[in-house]
Amino acid sequence: MSRAELDDRTLQRWMSPRELKALSQQSGEIPLGHLPAAAQAFVLAGLSRLASKKTFLALAAGVKTQEELATDLDAWGAPNLFFPQIETPVEGTLPDPESSAERLSALTKLTHGFTGVVLCTRDSSLQSLPAPDALQKNRLKLVKNTHLDRDALLQKLQDRPLVFALVDLL
């Protein structure tokens, strides 16, 4: 028996497919805060398995809860997308580039049809995002083993002042 079949049998043992289907067809908010964390992941995994063409947004109270939920969803084999929160930079500083790259990666996956559970914190859900068409317009595809004119590439990048800034090395 495959892992997916075992997970399905376990899900059906604890929650009927009818209940999961009713939850998955519900529009709006599905409150799960009254459940223990592991049970929340269990229900979200069941929802994502039953409604495999839908995307569910799970709001976690904080980053630690978000990480634990991601771990639990991975254990259930549920597709999930971790959407990091950006710490508000102090004046004169830039946001953490790694977190910014992770957010852009998550947004790209969402615009390309990700289905499953999107995990974010309440704070990250309130932070501003670029419009999807702005992301698409500013996308630059680099292909391995191809030749690019360096000066043309630098000019193209400099024409996008909000995305790229050329700085001198110290």
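At a glance:
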quantity	calculated
Gained length - T111 relative to T71, 0.36 nm times residue gap less alpha-carbon distance	12.0 nm
Reachable lysines, given that their alpha-carbon falls under 25 Å from the alpha-carbon of K53 and they are not under 8 places away in the same chain	K21, K109
Kirkwood-based Rg to Rh ratio, segment 45-170, C-alpha trace	1.04
Solvent-accessible surface (1.4 angstrom probe) belonging to F82, in square angstrom, nearest 10	70
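The values are calculated or read from the model by the stated rules, or taken from the named source; none is laboratory data. It should be emphasised that the depicted structure is a prediction, and the values quoted were computed from it without experimental measurement. Calculation scope for accessible area: heavy atoms of the full protein, side chains included, ligands and nucleic acids excluded. Shrake-Rupley method; radii C 1.70, N 1.55, O 1.52, S 1.80 Å.
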